[in-house]
Amino acid sequence: MSATITAADINKLRQTTGAGMMDCRKALTESNGDFEAAIDWLRKQGQKVAAKRSDREAKEGVVLAKTTADNKTGIVLCISCETDFVSKNADFVAFAQSIADAAIANNVKSAEELNEVKIGNEKVADMINEKLAAIGEKIAISKFERLEAPYVASYIHGANRMGVLVAMSKPAEEAGKDVAMQIAAMNPLAVDEKSIPAETIAREKDIAIEQIKAEGKPAEMAEKIAVGKINKFFKDNTLLAQAFVKDNNKSVGDYLKSVDADLKVTDFKRVALG
């Protein structure tokens, strides 16, 4: 039995991919209503659709990134709300800040754990419910990430609309900030190609081969051309291979080597509002 494709489904796919309405309808029909499969179908037809991103973006809210005093632990979180009127309110920003401070002070490891932490005599979860009742908007800790490393850099971009953590092999304050700004601007999927799941690479290769065939090139050439497309995918989507935003003549990996041959980025977290 085929899935019922609604106008809302088509519009959602259109908003996500930027593809035309008729193409979105066809993609959903061909994939029996499966949203992710419809995105892949569009890409296989050669549509310029962005690769799937893992970060789920809240609509409005306050994003904060903080580290412990010794820079060995960092957290980045989003306290979400429904309107920018609330998210830009100084009291709401201070409220979010108090929750981030509590997360650092109590070495919190998850959003669930943070909800149980007390600020004064009150649990964070109860404080959120009270704030919800006072302003009439849904409020939650919608995203929480944590990193531990010999050195963790933190960066907040654009009036609390994005936060980044970078885990590094040794202290490097300026390089940490530069790399965090790179991650904010270029949104890499992973540190390097070894950090990208095998299924993601297989998916990209499959899409590349179908794109090449759709262009009318022979099947025997498709495999070779696909390898080039995968290498381009790594260059665009892995941090160390990306062109460094402050100097496009070198990669981020080259920049790190120029700072210290032993300096490495081991992980990062990026949380952004939509």
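Bear in mind these aren't lab numbers, they're just calculated from the coordinates by the rules spelled out. Predicted model only: the values in this text are computed from it and were never measured. Cβ coordinates were reconstructed from backbone atoms using ideal geometry, including for glycine residues, and neighbour counts include every protein chain displayed.
Some points to look at:
- Over segment 51-131: Rg over Rh, Cα atoms, Kirkwood Rh: 0.98
- Descending principal axes extents, the chain, alpha-carbon based, whole Å: 68, 53, 27
- Degrees separating the helix 219-237 axis from the principal Cα axis of the chain, which is the longest one: 20 degrees
- Principal-axis tilt of helix 7-17 within the chain, Cα atoms, nearest 10 degrees: 90 degrees
- Taking amide H as placed 1.01 Å from N in the peptide plane, Tyr155 has its amide H under 5 Å from the amide H of Val164, each at least 5 places away in sequence or on another chain.
- For segment 141-274, the direction-averaged projected area of the alpha-carbon convex hull comes to 10.1 nm².
- Listed residue pairs exceeding 18 Å between alpha carbons, taken from Lys66/Lys177; Lys143/Lys264; Lys59/Lys118; Lys66/Lys264; Lys66/Lys269; Lys170/Lys257: Lys143/Lys264; Lys59/Lys118; Lys66/Lys264
- Qualifying GluC sites (Glu not before Pro) for segment 199-233 [loop in DSSP, other Cβ within 10 Å: at most 16]: Glu215
- From its DSSP helices (H runs of at least four residues, each -39,500 (n - 2.57)), the chain gives a residue-normalised ellipticity at 222 nm of -14000 deg cm²/dmol.
- Estimated D of segment 110-177 in µm² per second, where Rh is the Kirkwood radius over Cα pairs and Stokes-Einstein applies at 10 °C, 1.306 mPa s: 110 µm²/s
- Within segment 29-123, the trypsin sites (Lys or Arg not before Pro) that combine a DSSP coil assignment with at most 16 other C-beta atoms in a 10 angstrom radius are Lys48, Lys52, Arg53, Arg56, Lys59, Lys72, Lys88, Lys109.
- Stokes-Einstein diffusion coefficient of segment 1-50, Kirkwood radius over Cα pairs, 20 °C, 1.002 mPa s, in µm²/s: 208 µm²/s
- Of every Cα-Cα pair in segment 155-195, the percent that sits beyond 15 Å: 43 percent
- Helix axis angle, 124-135 relative to the chain longest principal axis, alpha carbon, degrees: 80 degrees
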